Structures are given as structure tokens and as C-alpha cells.
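> Provided herewith is a single structure, encoded as C-alpha cells, for subsequent inquiry.
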Amino acid sequence: MAEQLFQIGIKGLIRNEQGKILLLKIPAWGGSPGYWDLPGGRMDPGETFVQTLKRELKEEIGEDYDGQPKHLATVLSNLTIPVGDIRVPLVLIAYEVALLRGTPITLNEDEPEEAYDWFEPKVAAQELQKKYPQEFCDVVAVL
């Protein structure tokens with residue numbers, strides 16, 4: 001039996017005062033089409049889930065997050081990602097993250113994200129369907 005390999009991605013679901021959800025525009029890469037995604041990324045060796053979340057929020061949106069995130073869901077992504085010369089499944093662990101009111105979003109020019117926007121939950125759920133399974137999108141749609 002072949003060994004099953006996975007990558008783990010940690011994601012932050014952030015809502016603004018109007019209840020809209022922050023999504024980042026990810027360009028096409030590694031054979032995957034461009035798509036909208038929650039902020040976050042893959043774990044580095046030795047990191048905990050929350051350490052990864054905090055690092056990724058700093059890298060992607062300029063936020064020094066020091067709160068306590070709430071686990072929202074753990075799902076298997078619809079997309080596989082390249083690791084060396086193979087493609088592997090991606091396990092996504094999503095947390096609800098509360099930022100201080102008026103926290104600015106600053107994309108890092110050294111990161112691949114092209115843009116960001118705030119979406120109503122139902123629209124965000126539709127945009128996330130490229131990467132996330134239906135059961136996760138159903139949860140997002142009713143937030």
C-alpha cells in the first residue's frame with residue numbers, strides 16, 4: 001500500500017463590522033487556476049496551528065494577530081498542490097479570527113496575493129467553492 005502524503009494549510013476567516021468576509025485573490029500557480037481564498041498558508045516544520053495562523057496573517061495582510069482564534073472546520077481541499085514532482089492533497093484547518101475594528105489590510109508585495117476584497121457570506125461561499133468542499137462553503141454561507 002502506498003503511503004498517503006498531505007500538506008496542512010491553516011486559514012483565518014475574518015469578518016468586518018458589516019459581517020463581510022475577507023478573501024484574497026490568488027493568481028494561477030502550480031497548475032491550479034486563480035481563485036479567491038481565505039488568508040493563511042501551509043505550516044512550517046515545528047510550528048503549531050496557531051503559530052502558523054499568526055505568521056501567515058502577518059505575511060499576507062500585515063496583521064500582528066495576538067488573539068485566540070476559534071476553530072471553525074477541518075476539511076480536505078478540492079485542490080491538490082505540487083510538492084516536488086508529485087501533487088498531494090491539502091488538509092485545511094480554518095479558524096475564525098476577530099481583528100480589532102478598523103484594522104487595515106496591507107498586502108505584502110513579496111507574497112503572491114494580487115488583491116483583497118470583502119464579500120457577503122453567501123458570495124464568499126460561492127467564491128471559495130474552487131478550493132473548499134461544499135460542506136465548508138455551506139457553513140460560510142450562513143455566517
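> Examine the stretch 78-92 for a residue that is out of contact with any helix residue (DSSP H, G or I) (no Cβ under 8 Å at 6 or more places or on another chain) and more than 22 Å from Leu5 (Cβ to Cβ), and state whether such a residue exists.
No, there is no match, as no residue in the stretch 78-92 is out of contact with any helix residue (DSSP H, G or I) (no Cβ under 8 Å at 6 or more places or on another chain) and more than 22 Å from Leu5 (Cβ to Cβ).
> Scan Tyr65, Tyr95 and give me the residue that is within 13 Å of the chain's Cα centre (by Cα), surrounded by 14 or more Cβ atoms within 10 Å (Cβ to Cβ) and hydroxyl-bearing (Ser, Thr, Tyr). Lay out the reasoning, then the answer.
On the way: Tyr65 fails: within 13 Å of the chain's Cα centre (by Cα).
Result: Tyr95 is the single residue among Tyr65, Tyr95 that is within 13 Å of the chain's Cα centre (by Cα), surrounded by 14 or more Cβ atoms within 10 Å (Cβ to Cβ) and hydroxyl-bearing (Ser, Thr, Tyr).
> Kindly establish whether Gln51 is free of Cβ contacts under 8 Å to residues at least 12 places away in the same chain, out of contact with any Lys or Arg (no Cβ under 7 Å at 6 or more places or on another chain) and either over 22 Å from Phe6 (Cβ atoms) or surrounded by 13 or more Cβ atoms within 10 Å (Cβ to Cβ) (or both).
Spelling it out, Gln51 is indeed free of Cβ contacts under 8 Å to residues at least 12 places away in the same chain, out of contact with any Lys or Arg (no Cβ under 7 Å at 6 or more places or on another chain) and either over 22 Å from Phe6 (Cβ atoms) or surrounded by 13 or more Cβ atoms within 10 Å (Cβ to Cβ) (or both).
> Among the numbered criteria (1) modelled with pLDDT under 95; (2) loosely packed, with under 14 Cβ neighbours inside 10 Å; (3) part of a strand (DSSP E or B), which one does Leu79 miss?
Evaluating Leu79 over (1) modelled with pLDDT under 95; (2) loosely packed, with under 14 Cβ neighbours inside 10 Å; (3) part of a strand (DSSP E or B) leaves (2) as the failure.
> Suppose we keep only residues that are outside any loop (DSSP other than H, G, I, E, B) and of a type in the set (Val, Ile, Thr) within the stretch 82-138. Which one would you say is farthest from Gln51 (Cα to Cα)? First the steps, then the outcome.
Going through the stretch 82-138, the residues outside any loop (DSSP other than H, G, I, E, B) turn out to be 82-83, 86-97, 115-119, 121-128, 134-138.
Still in the list and also of a type in the set (Val, Ile, Thr): 83, 86, 88, 91, 93, 97, 123.
Values: Val83: 22, Ile86: 27, Val88: 23, Val91: 17, Ile93: 13, Val97: 13, Val123: 29 Å.
Per the criteria, the residue is Val123.
> Moving to a separate point now. Among the residues of the stretch 17-42, which ones are modelled with pLDDT under 95, touching a strand residue (DSSP E or B) at 6+ places or on another chain (Cβ under 7 Å) and not in a strand (DSSP E or B)?
Correct list: Gly30, Gly31, Gly34.
The values are calculated or read from the model by the stated rules, or taken from the named source; none is laboratory data. Since we're looking at a predicted model, the values are computed, not measured. Cβ atoms come from the backbone with ideal geometry, glycine included; neighbour counts cover every protein chain shown.
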